[in-house]
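Down below is the structure, laid out as structure tokens.
The values are calculated or read from the model by the stated rules, or taken from the named source; none is laboratory data. These numbers come from a predicted model, not from an experiment. FYI the Cβ positions are ideal-geometry reconstructions off the backbone, even for glycines, and counts take in every protein chain you see.
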């Protein structure tokens, strides 16, 4: 295998590899990824294709799954021999995962450089989810029911829950502002709950003057702390959890059901596919169909 540094020279690609790169660039135009991520993925693929041109394999590394895995593993060793940083190597691997999945070859089985033993984020199992939902449905007011379900049925952070305005609830979904502004489809059960709260909200103090979706009893926007206390109040006292665990449960259920990690990353407002893949394995699907995996 070739070795040496890959940082500086942009080696011209063959016509065939240039066409592969152009096809991937076109596919990325409609992908739910940040512009910086698309540029990075294209750059990483270019480096890989340039390296492939100097290598020989028994099969075609661009179309055969087994050969692709061997090629990506060899490329990983090449990057290590060139003393590339672990995080850099992992971004190459993430880009190649995405590239091969879009070609229908499947994700190559190549180990990440960063600590692969990082614990999977805590999530609730089916029994705990049903217990939580039952307590919410049995005892929550319309406002508190909506707050309690948004992290689980929409994957929102608690700061995003309290940051919602009335105008953010639309027929196409929730306009969520945060690290990455996004439109999140509304699960049918959540739509009913939000509708019930919107019908009750006009009777609250401050409803006419404050744009916040969720108000406190003084007529102002609800705080993070207050929303967090509402959610933890529905948890089993012997098995407490934070709103973040509900967001993790949202991601875990979708990915373990085989939903596309790119779609789940967009729903969560994440740019890193490596972070998203910690929850489970990938398969292609649409955003609306992905929500069908949630226990309700």
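Tell me the helices (runs of 4 or more DSSP H) entirely within region 223-269 that contain at least 3 residues that are within 19 Å of residue 129 (Cα to Cα), assigned by TED's automatic domain parsing to the domain that holds residue 212 and over 10 Å from the mean Cα position of the chain (by Cα).
Numbers: elements: 224-232, 243-256, 261-268.
Filter on region 223-269 gives 224-232, 243-256.
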Within region 164-197, can you find the residues that are part of a helix (DSSP H, G or I) and touching a strand residue (DSSP E or B) at 6+ places or on another chain (Cβ under 8 Å)? 166, 167, 168, 194
Does at least one position in region 163-176 carry a residue that is without any contact (Cβ under 8 Å) to a residue 12 or more places away in the chain, in the same structural domain as residue 252 (by TED's automatic domain parsing), touching a helix residue (DSSP H, G or I) at 6+ places or on another chain (Cβ under 8 Å) and surrounded by fewer than 21 Cβ atoms within 10 Å (Cβ to Cβ)? yes
Identify the single condition in (1) surrounded by fewer than 22 Cβ atoms within 10 Å (Cβ to Cβ); (2) touching a residue at least 60 places away in the same chain (Cβ under 8 Å) that residue 188 does not satisfy, given that it satisfies every other one. (2)
Which condition number does residue 180 fail, the rest of (1) out of contact with any helix residue (DSSP H, G or I) (no Cβ under 8 Å at 6 or more places or on another chain); (2) in contact (Cβ under 8 Å) with a residue 40 or more places away in the chain; (3) closer than 13 Å to residue 149 by Cα being met? (3)
From the list 98, 144, pick out the single residue that is assigned to a helix (DSSP H, G or I), outside the structural domain of residue 264 (by TED's automatic domain parsing) and touching a residue at least 60 places away in the same chain (Cβ under 8 Å). 98
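Among the residues of region 239-260, count how many are more than 30 Å from residue 106 (Cβ to Cβ) and surrounded by 23 or more Cβ atoms within 10 Å (Cβ to Cβ). Break it down stepwise before answering.
Of region 239-260, the ones more than 30 Å from residue 106 (Cβ to Cβ) are 239-246.
Remaining after also requiring surrounded by 23 or more Cβ atoms within 10 Å (Cβ to Cβ): 243, 246.
Adding up the residues that qualify gives 2.
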